[in-house]
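Beneath this line is the structure, given in structure tokens, with notes to follow.
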């Protein structure tokens, strides 16, 4: 257990950050799930609309350090390719 004042403060700070990061990841997953659902239903307009919502959310996650920027790029690239494939 932490004894120093600074260590106790660090524990409180980490707990707050964990809550924020967990909420952000949950939000990202929800948006991705909306795109996945639209893709499986074959509705390209809904998939494009959902994709437009997920892109800034994932980029925000990358800028805040919740996700690595290359992970975000890879996932967005794959989602975009799948949405594009619906039209073909």
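Quick one: is residue 70 modelled with pLDDT under 95 and more than 11 Å from the chain's Cα centre (by Cα)?
So residue 70 fails the test.
Here is a yes/no grid of residues against (1) at pLDDT below 95; (2) under 12 Å from the mean Cα position of the chain (by Cα); (3) closer than 16 Å to residue 79 by Cβ:
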site: 2; (1), (2), (3): yes, no, no
site: 10; (1), (2), (3): no, no, no
site: 15; (1), (2), (3): no, no, no
site: 21; (1), (2), (3): no, yes, no
site: 24; (1), (2), (3): no, yes, no
site: 30; (1), (2), (3): no, yes, yes
site: 45; (1), (2), (3): yes, no, yes
site: 53; (1), (2), (3): no, yes, yes
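The values are calculated or read from the model by the stated rules, or taken from the named source; none is laboratory data. Nothing here was measured: the structure is a model prediction, and the numbers come from that model. Counting neighbours? That spans all protein chains shown, and the Cβs are built from the backbone with ideal geometry, glycine included.
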